[in-house]
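Student: Right, I'll just put the structure down here and ask away after.
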Amino acid sequence: MSRPAYRTPVIGDDGPELRARLQAIWETKPGLLGFLGTVDHKEIGIRYIVTAFLLLAAGGVEALVMRLQLAGPDRRLLTPEQYNQLFSTHGMTMIFLYASPVLSGFSNYLWPLLLGARDMAFPRLNALSYWVYLAAAIFLYTGFLVGAGPNDGWFNYVPYALAEYNPGLNQDYYALGMILLGISTSVGAANFIVTAFKMRAPGMSINRIPIMVWGTLTASVANLAVVPAVSLAFFMLWLDRRFGTHFFDSAGGGQPLLWQHLFWLFGHPWVYAIVLPAMGMVSDGLPVFCRRPLVGYSLVALGTVATMILGFGVWVHHMFATGLPALSLSFFSAASFAITFPSLIALASWLATIWLGRPVVTTAFLFFASTILLFVIGGVSGLMTASVPIDLQLTDTYFIVAHLHYTIVGINLFPVVGAVYFWFPKMTGRLLNERLGRWNFWTMFVGFNLAFLPMHITGLLGMPRRVYTYPAHMGWDGLNLLISIGSYIFAAGVLLFLINVARSRRGGAVAGPDPWGGPTLEWATTSPPPPYNFAVIPTIASRHPLWEAALDEEEARSSIHRGMLLDHGKEALATSPMDAEPERIVEMPEDSVGPFALAVGLLVLLFGLLHFQPWLSAAGGLIVAAALLAWLWPRRKLLERAEPAHG
Amino acid sequence: MAELVCADPGPLPVGPVGRSGMGWWGVATLIASEAALFGFLIFAYFYVGATAQPGWLLEPAPKLFPALPNTLLLLASSGAAWWGEKGVERGRRHQAVAGLLGAFVMGAVFAGVQAYEWSVKTYGMGESSYASLYYVTTGLHMAHVLVGLVILLTLAAWTAAGFFSQVRWIPVSAGILYWHFVDVVWLFVFATYYLTPYLGFPQ
Amino acid sequence: MSGAPLSYLGSAGSKAHQVVPLTWFALIVSTATCLIFAALIVAAVRRGRAEGDVVAAQAVIRGGNGLRWIFVSLILAAVPIAVMLVWTMIAIARTGVPPAHPALVLDVTPQQFWWRIRYRGALPSDTFTTANEIHIPVGAKVLVRLNSPDVIHSFWVPSLSGKTDAIPGQNNVTWLEASRPGRFRGQCAEFCGAEHARMGFEVVAQSPADFEAWRRGQLRSAPRPVTTEQVRGLAIVEYRCSLCHSVRGTIAGAGSAPDLTHLMSRATIAAAQLPNNPGSLRGWIEDPQARKPGTQMPNQHLDAAQLNDLTAYLGTLK
């Protein structure tokens, strides 16, 4: 059958016959190959979320063990080396293996649904990004489990990370694993960027996309630009350790501060990358429970982008104590102050949305609303670090530990748990239990603040971070006991959450397509959505396609149940980057085990490199090459190559 | 009365047509990320150079032969690849294969000359931070050249086998876009290591 | 702050005098901001709370002009932020630049996991080295030059000065000026390995006369041993301890561990971890790894008699 280069899409109505046809085209085949080969963004998204939460649990247990050690002065539960690996692995896990992947998971799951698309722009790349993330997590945790976890903190300063001071395999695991994780992040970011610009439903111009899309898009642009910095830094570290180069050791003319620059050029934007999408969740979720559109959409969207732009310019505020000239300190200090304003836009917008709306207090609402307060606490403590003279006292004390937990737990974990309460019914078709939800929220909220508010004080009283123990009579004893107790209450809250998820997955109340009366497209499809998401391609007329009738602000109404059928195969629609004008019918790839094989090959290659095993490395390299060739081979079905000429 | 808006476009391209398609976007984002990588490598050079002791530069006056002609050769290979792409676009298979193979040969000669440059250096990558930066930067570029060569050769073979028509040839455009990137980024590497010492950096 | 030796909410020197009020200002503004937001959130929820808890049953309406909130909050925040910014710049100008004509210059060399301190005199005979205890005269500007022979450490005396990193291959400087006599605790503030937690030191600020007396004392060589125990103890020092330590006036002259010439003049041992008394000194030498796992000092496997001799000799190093 010859495929014409151009076709006018047929417009039609949603209907059972169409759905049956699309189902046959889009559904993943059962069995192991289907499991390993699926490219369905919803399946991949859920895998991301589940994996990230398992790692969150691991990182949490590590923290609980540390809190036993620190519950009192001079305790001897852990040796210094054990403690150092625990705190480093905890940081690595939470920052790299939980906080970012969990957001990728939600974005993967939600984006095509929010954007009215049938899948991401590059479904196989999407699968690759998950499998490589899993491979990196396995690799990094193998190191930890064999006693060679990272032991120099998550930001891993040299020269302590060099072979001279750190002769074990710890740093080799960390370096190679982080390079692998960088691949996952980068391909994921590329996929998000192209999806945001090319895969939106017609009519969804750039000023109509949900804020969460703004958040993840901004984060992805940043990741694409800065992940290479940290991958390069870890690559240089590995070369210094194993091949005798001199990037970082001063004896060979290297520069220890090069590490810090490369790391924080990445690290500071990354910190925003792990909160901006979660802030987007609040911006999109909170209004649903306040029964009014978000206040100041355009300002919040601009604020999101502005945060990141400023975020590129403040990496040096992690390096105030490294002996920089006063002029440069002043510049980076001022830039760090400036970053308050875009963050404040989001905070004011959320508060105004509650104030001017009619809030319905649900568990999801509680998590989203509490984010505001936790963000403020994390924000003002962050503001203090922007002031160089204050920072020179605060930095590397528990004040910073408190600050970073208020930002990461407050602006990542709390919104994420809220997002689970909000979107769980979409993902599973069932609601989470609200009564258990309240217990869940209040236990987490009280436990978290009990654990982390006093850390500000131990910090102000001078307790340095990254100490495996501390002497008595420093004024920290009672507070530390309180912190340890709080951390166990917090953990109990997280446990309640996991119990709620486990129980409600099968036993929860049936949700229906739209349990909350939501405004955006994901609520227009069934719960859980069919593999093709939308039977017809919707056309969008506003920011709130499902609230148009209620708000009655414009004449135009979005068309949800009538639109392009695109049922000639596994087809999706590509639109123009700004105005979302229909541009192209895209042939979507079938399921493929290529991404899985590629990730396996990379993992084998990495173990080969780690242990200097040439044959193992070569085997891994061969698998990688074969998987890539099979993947990239131009396929007629995807219209990447010409039809054979027929006479 | 509210009015339903329903997009009802005319004929749309089905799949990638000509130079445009999703694959082009994919390679463009990949290139953006790779460009950042080289940006950080060059940042590392200037940062370490700016903070180093005098005498850091192992080659205060780098020899421009054969580096400069080699650079011009690499640029010419981009031209050949572009000419080959035009061949695909116009349905001239011989021109297409010749262009791609020509780019491949020029790229391979570039790689050979670069390997020769390494072999006559009096220092290895463990000599100093300058040496480490030089070898790793040019080495990472070399890795990209080798990947590009594999791509060019594969594209030439696919083109010769008649995979592409005047309508469908996105893999060719995407692959050649990558090759252009490999060539352009070399200009930055070349300027950094071979030209800035003449401008007096560092010291 | 009494009872919290590392607290930076109190100050005992001219640098910290600049920073502590700024810190308090920021803390008060921050706390107020948090309380205001908490109150507003609670008020907002109470104010318009919908009747009934079925979300989808509630009508959707767009009410009120919310943009005002955003603009007002931006303007309100600009005021304290501007104050903090200006104050910060002033404080940077007053604390950031080291004195051009310091009264005293110290080379402080942190290393895993202790602090070497070298007092530079005009003449080589005025120069001496000590460890983990920095003496300075009250009211004098003291320049501290930092370098590290191994990994990155950070020099920090909260009640006198914020942190300055000691980075291999880089010469960083900071300065101290104590406004009253006292003992001020310092601590390594950049993670540096196994015993980062126990890498402390002390700054002793003294009146100029006391400082001068102390300085002259430090310039003296170690006294000769008197008793037979002390003589045997010196033999152990010269035979074993001298591999790493030095005692001026003996053949022990190595520099990779703290100088012991005036060990007993110091109030603590093991980088401010243990009080310096014969009991803890003996316990430390007997099994340093048990008291500070990961310290560079190896177990010496000395028997009880040797320990007696050694502590007897060390006790004379006043």
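Student: Being touching a residue at least 24 places away in the same chain (Cβ under 8 Å), surrounded by fewer than 18 Cβ atoms within 10 Å (Cβ to Cβ) and farther than 26 Å from A:Leu546 by Cα, is that true of even one residue in the stretch C:39-55?
Tutor: no
Student: Restricting to the stretch C:185-198, name every residue that is surrounded by 24 or more Cβ atoms within 10 Å (Cβ to Cβ) and assigned to a strand (DSSP E or B).
Tutor: The answer is C:Gly186, C:Gln187.
Student: Let me ask something else. Confirm whether A:Arg200 is assigned to a helix (DSSP H, G or I) and more than 8 Å from chain B (Cβ to nearest Cβ).
Tutor: So A:Arg200 does not fit the description; no.
Student: A follow-up question, please. What number of residues within the stretch A:502-523 satisfy the criterion of being crowded, with 19+ Cβ neighbours inside 10 Å, more than 19 Å from A:Met120 (Cβ to Cβ) and hydrophobic (A, V, I, L, M, F, W, C)?
Tutor: Within the stretch A:502-523, residues that are crowded, with 19+ Cβ neighbours inside 10 Å, more than 19 Å from A:Met120 (Cβ to Cβ) and hydrophobic (A, V, I, L, M, F, W, C) number 3.
Student: Report the residue count in the stretch A:225-247 for those that are within 11 Å of chain B (Cβ to nearest Cβ), buried (at least 24 other Cβ atoms within 10 Å of the Cβ) and part of a helix (DSSP H, G or I).
Tutor: Going through the stretch A:225-247 one residue at a time, the tally reaches 10.
Student: Mind checking whether some residue in the stretch A:271-286 is in contact (Cβ under 8 Å) with a residue 40 or more places away in the chain, at the interface with chain C (Cβ under 9 Å from one of its Cβ atoms), buried (at least 24 other Cβ atoms within 10 Å of the Cβ) and closer than 29 Å to A:Leu413 by Cα?
Tutor: Within the stretch A:271-286 (the criterion being in contact (Cβ under 8 Å) with a residue 40 or more places away in the chain, at the interface with chain C (Cβ under 9 Å from one of its Cβ atoms), buried (at least 24 other Cβ atoms within 10 Å of the Cβ) and closer than 29 Å to A:Leu413 by Cα), the answer is no, since none of the residues qualifies.
Student: Is there a residue in the stretch A:369-379 that is touching a Pro at 6+ places or on another chain (Cβ under 7 Å) and modelled with pLDDT of 95 or more?
Tutor: Yes, there is a match, as at least one residue in the stretch A:369-379 is touching a Pro at 6+ places or on another chain (Cβ under 7 Å) and modelled with pLDDT of 95 or more.
Student: Whether any residue in the stretch A:390-401 is more than 21 Å from the chain's Cα centre (by Cα), closer than 21 Å to A:Asp284 by Cα, aliphatic (A, V, I, L, M) and in a helix (DSSP H, G or I) is what I want to check.
Tutor: No, every residue in the stretch A:390-401 fails to be more than 21 Å from the chain's Cα centre (by Cα), closer than 21 Å to A:Asp284 by Cα, aliphatic (A, V, I, L, M) and in a helix (DSSP H, G or I).
Student: Right, next: Take A:Leu413 and tell me if it is within 30 Å of A:Ala524 (Cα to Cα) and not in a helix (DSSP H, G or I).
Tutor: Judged against the criteria, A:Leu413 is not a match.
Student: Name the residues in the stretch A:552-590 that are over 26 Å from A:Leu638 (Cα atoms), within 7 Å of chain B (Cβ to nearest Cβ) and hydrophobic (A, V, I, L, M, F, W, C), would you?
Tutor: A:Ala556, the sole residue that qualifies.
Yes/no per residue for (1) modelled with pLDDT of 95 or more; (2) away from every other protein chain (no Cβ under 12 Å); (3) surrounded by fewer than 21 Cβ atoms within 10 Å (Cβ to Cβ):
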position: A:Gly105; (1), (2), (3): yes, yes, no
position: A:Arg118; (1), (2), (3): yes, yes, no
position: A:Leu134; (1), (2), (3): yes, yes, yes
position: A:Leu140; (1), (2), (3): yes, yes, no
position: A:Asn151; (1), (2), (3): yes, no, no
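Student: For the stretch B:22-42, which positions are aliphatic (A, V, I, L, M), over 23 Å from A:Leu265 (Cβ atoms) and within 8 Å of chain A (Cβ to nearest Cβ)?
Tutor: Once the filter is applied, which keeps residues that are aliphatic (A, V, I, L, M), over 23 Å from A:Leu265 (Cβ atoms) and within 8 Å of chain A (Cβ to nearest Cβ), the stretch B:22-42 yields only B:Met22.
Student: Next question, about the same structure. For C:Val83, all conditions in the list (1) free of Cβ contacts under 8 Å to residues at least 24 places away in the same chain; (2) surrounded by fewer than 17 Cβ atoms within 10 Å (Cβ to Cβ); (3) more than 7 Å from chain A (Cβ to nearest Cβ); (4) in a helix (DSSP H, G or I) hold save one; what is the number of the exception?
Tutor: (1)
Student: What is the one condition in (1) assigned to a strand (DSSP E or B); (2) surrounded by fewer than 24 Cβ atoms within 10 Å (Cβ to Cβ); (3) facing chain A (nearest Cβ under 9 Å) that C:Pro168 does not satisfy?
Tutor: Result: C:Pro168 fails condition (1) only.
Student: May I pose another question? Looking at C:Arg94, C:Arg62, C:Arg46 in this structure, which one is at the interface with chain A (Cβ under 7 Å from one of its Cβ atoms) and of a type in the set (Lys, Arg)?
Tutor: Going through C:Arg94, C:Arg62, C:Arg46 in turn, the sole match is C:Arg62.
Student: While we're on this one: Could you list all residues from the stretch C:287-313 that are closer than 20 Å to A:Pro80 by Cα and without any contact (Cβ under 8 Å) to a residue 24 or more places away in the chain?
Tutor: Selection gives C:Asp287, C:Pro288, C:Gln289, C:Ala290, C:Arg291, C:Pro298, C:Asn299.
Student: Select the strands (runs of 3 or more DSSP E) contained entirely in the stretch C:101-165, then report the ones holding at least 1 residues which are in contact with a helix residue (DSSP H, G or I) (Cβ under 8 Å, 6 or more places away or on another chain).
Tutor: C:114-119, C:128-131, C:133-137, C:153-157
Student: Applying the selection to the stretch A:161-189, what residues are in a helix (DSSP H, G or I) and more than 17 Å from A:Leu602 (Cβ to Cβ)?
Tutor: Listed by number, the residues that qualify are A:Asn170, A:Gln171, A:Ala189.
Student: For the stretch A:141-166, enumerate the residues that are of a type outside the set (A, V, I, L, M, F, W, C) and farther than 25 Å from A:Asp396 by Cα.
Tutor: A:Tyr141, A:Thr142, A:Gly143, A:Gly147
Student: Next up: Condition first: of a type in the set (Lys, Arg), touching a Pro at 6+ places or on another chain (Cβ under 8 Å) and either more than 30 Å from C:Gly200 (Cα to Cα) or touching a residue at least 12 places away in the same chain (Cβ under 8 Å) (or both). Can you find one or more residues in the stretch C:114-128 that meet it?
Tutor: yes
Student: Being outside any loop (DSSP other than H, G, I, E, B) and touching a Pro at 6+ places or on another chain (Cβ under 6 Å) is the filter; apply it to the stretch A:522-558 and report the residue that is farthest from A:Val39 (Cα to Cα).
Tutor: Taking the candidates together, the pick is A:Ser558.
Student: Shifting gears a bit: State whether the residues of the stretch B:51-70 include one that is under 22 Å from A:Pro4 (Cα atoms), part of a helix (DSSP H, G or I) and without any contact (Cβ under 8 Å) to a residue 12 or more places away in the chain.
Tutor: Scanning the stretch B:51-70, I find no residue that is under 22 Å from A:Pro4 (Cα atoms), part of a helix (DSSP H, G or I) and without any contact (Cβ under 8 Å) to a residue 12 or more places away in the chain, so the answer is no.
Student: From C:Glu133, C:Glu190, grab the single residue that is more than 14 Å from chain A (Cβ to nearest Cβ) and touching a Ser or Thr at 6+ places or on another chain (Cβ under 8 Å).
Tutor: Criteria check complete, one pass: C:Glu133.
Student: I'd like the full set of residues that are more than 17 Å from A:Leu461 (Cβ to Cβ), more than 17 Å from the chain's Cα centre (by Cα) and crowded, with 18+ Cβ neighbours inside 10 Å, limited to the stretch C:1-29.
Tutor: Residues satisfying the conditions are C:Gln18, C:Leu22, C:Val29.
The values are calculated or read from the model by the stated rules, or taken from the named source; none is laboratory data. Just so it is clear, the model here is predicted, and its values are computed rather than measured. Note that each Cβ is placed from the backbone with ideal geometry, even for glycine, and that neighbours are counted across all protein chains shown.
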